[in-house]
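Reviewing the structure listed below.
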Amino acid sequence: MVPNCDFNFPKSLYNVYDCIYAVIGSRKNAIVLDYFAGSGTTGHAVLQLNSEDGGNRQFILCTNNENKIAEQITYPRIRSAINGYKIENEELIKGLGSNLKYYKTDFVGSEPTHRNKKLLTDKSIEMLCIKENTFDEVMNKKDIFIFKNKEKFTAILFDEMKMEEFKNEVKKLKMPVSVYVFSLEGDDFKEEFENLKNDITLCSIPEAILKVYRRIYGAGQMKLKNKK
């Protein structure tokens, strides 16, 4: 499947296709997770199924990149399946279409350093964009971030002191908006957005992200208070 790359005994594309179809064949917006991805057969099978019935299924492939399998096998294979490819002395295989993004995971330390704050910001934005399926960047200001897809926006605020500026940006958005506001106190900010006429959904930040946020920013504030 991957041009110029030998890979012994990959899973059968159509065997995996049959398994996926048997479980979610009629669910055209399903999300398929393969937590032990190897050559990318699961992703390829989902693409194949979508191309046949016009589905909008998504797949998430996870791997530890042992022996660089993600870089040299999984990603190139899915990219080739999407764009099309040609095996030597054979005709061009038409691409199945779709799009592809990859992310590298990392640990965020608990010390309130500038590096850890930046890492937390970057990783949190990526995770929230994945959660909302909004990847097109609209705004990237300090502490204010907005992304979109064809149907909605995701707006993220990291500094409560910039709430008015943030609300002014949200007001301009013409599609439904999922709003995330980071707060050490856990406020829901419902009153802040009551008078906006937009179609706004205030979303809870996943607790796993909040725990790191509170460790990094909360520890920093505690130290400042102690100095006073």
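Can you name every residue in segment 174-198 that is more than 21 Å from the chain's Cα centre (by Cα) and among the aliphatic types (A, V, I, L, M)?
Within segment 174-198, L184, L196 qualify.
Restricting to segment 156-172, name every residue that is part of a loop (DSSP other than H, G, I, E, B) and either surrounded by 19 or more Cβ atoms within 10 Å (Cβ to Cβ) or at positive phi (or both).
Within segment 156-172, just F158 meets the criteria.
Name the residues in segment 88-119 that are of a type in the set (D, E, K, R) and either assigned to a strand (DSSP E or B) or exposed (fewer than 10 other Cβ atoms within 10 Å of the Cβ) (or both), would you?
If the condition is that a residue be of a type in the set (D, E, K, R) and either assigned to a strand (DSSP E or B) or exposed (fewer than 10 other Cβ atoms within 10 Å of the Cβ) (or both), then E88, E90, E91, K94, K101, K104, D106 are the ones that fit.
Quick check: anything in segment 120-134 assigned by TED's automatic domain parsing to the domain that holds K150, free of Cβ contacts under 8 Å to residues at least 60 places away in the same chain, in contact with a Lys or Arg (Cβ under 6 Å, 6 or more places away or on another chain) and part of a loop (DSSP other than H, G, I, E, B)?
Checked against the condition, which is being assigned by TED's automatic domain parsing to the domain that holds K150, free of Cβ contacts under 8 Å to residues at least 60 places away in the same chain, in contact with a Lys or Arg (Cβ under 6 Å, 6 or more places away or on another chain) and part of a loop (DSSP other than H, G, I, E, B), segment 120-134 yields at least one hit.
Out of everything in segment 201-228 that is in contact with a Pro (Cβ under 9 Å, 6 or more places away or on another chain) and among the small types (G, A, S), what residue ends up being modelled with the highest pLDDT?
My answer is G218.
Quick one: is I78 within 20 Å of T41 (Cα to Cα), surrounded by 18 or more Cβ atoms within 10 Å (Cβ to Cβ) and in contact with a Cys (Cβ under 7 Å, 6 or more places away or on another chain)?
no
The values are calculated or read from the model by the stated rules, or taken from the named source; none is laboratory data. A quick note: this is a predicted structure, and the numbers were derived from the prediction, not measured. Ideal geometry is used to build each Cβ from the backbone, glycine not excepted, and the neighbour counts take in all protein chains shown.
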